[in-house]
Amino acid sequence: MPRENILGLMEKLDDEYSSLKRDSKDADKTREERAADNAGLERREQILMPMYKQMTPFFADLHDLTSRMEAKGCTKSAVWRELRRYFYWVIRWPAFRDEGGRILLSLVLPPYAFVA
């Protein structure tokens, strides 16, 4: 997950980070106060970043789980099972066709007629 997305998640989920970010952009504050808020923001990022980097693969996986998609009403379980079978064979068929076709042709045609 890109750093910008992780920072956006931090801003959404962490109250302290979001308040520091809001304060660092406040035009009513002096330059020194904004610099202090920026320093606090960087410290908070350093504290949170390792946790968020560990969490992002699990967060991303939740979006791809069939159970999650069914819960959100995006798909139906029966349709999803059929799609998995369909795509399996879409990918598998060319290899099966090529290899199986050679075997079948070698059984049906005389040996001299089959050129691989």
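Overview of values
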| read-out | value |
| --- | --- |
| Charge dipole magnitude, Cβ of K and R +1, D and E -1 - the range 21-69, Cα centre, debye nearest 20 | 20 debye |
| Spin-label pair D28/R43, simplified geometry with 7 Å Cα→Cβ offset, distance in nm | 2.4 nm |
| With DNA, RNA and ligands ignored, accessible area of K53 (1.4 Å probe; Å², nearest 10) | 120 Å² |
| FRET efficiency, 1/(1 + (r/R0)^6) with R0 22 Å, evaluated for E4 and C74 via beta carbons | 0.25 |
| Amide hydrogen neighbours beyond the local backbone of T75, cut-off 5 Å, H modeled | E70 |
| Table column - 3J(HN,Hα) (Hz), the range 5-21, Karplus curve with 6.51, -1.76, 1.60, x for Gly and Pro | 5, 5, 5, x, 5, 4, 5, 6, 9, 10, 5, 5, 5, 5, 5, 5, 5 |
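The values are calculated or read from the model by the stated rules, or taken from the named source; none is laboratory data. Predicted, not measured: the structure shown is a model, and the values here were computed from it. Every residue, glycine as well, gets a Cβ built from its backbone with ideal geometry; the counts of neighbours run over all protein chains shown. Protein only, heavy atoms only, side chains kept; ligands, DNA and RNA dropped before computing areas. Shrake-Rupley method; radii C 1.70, N 1.55, O 1.52, S 1.80 Å.
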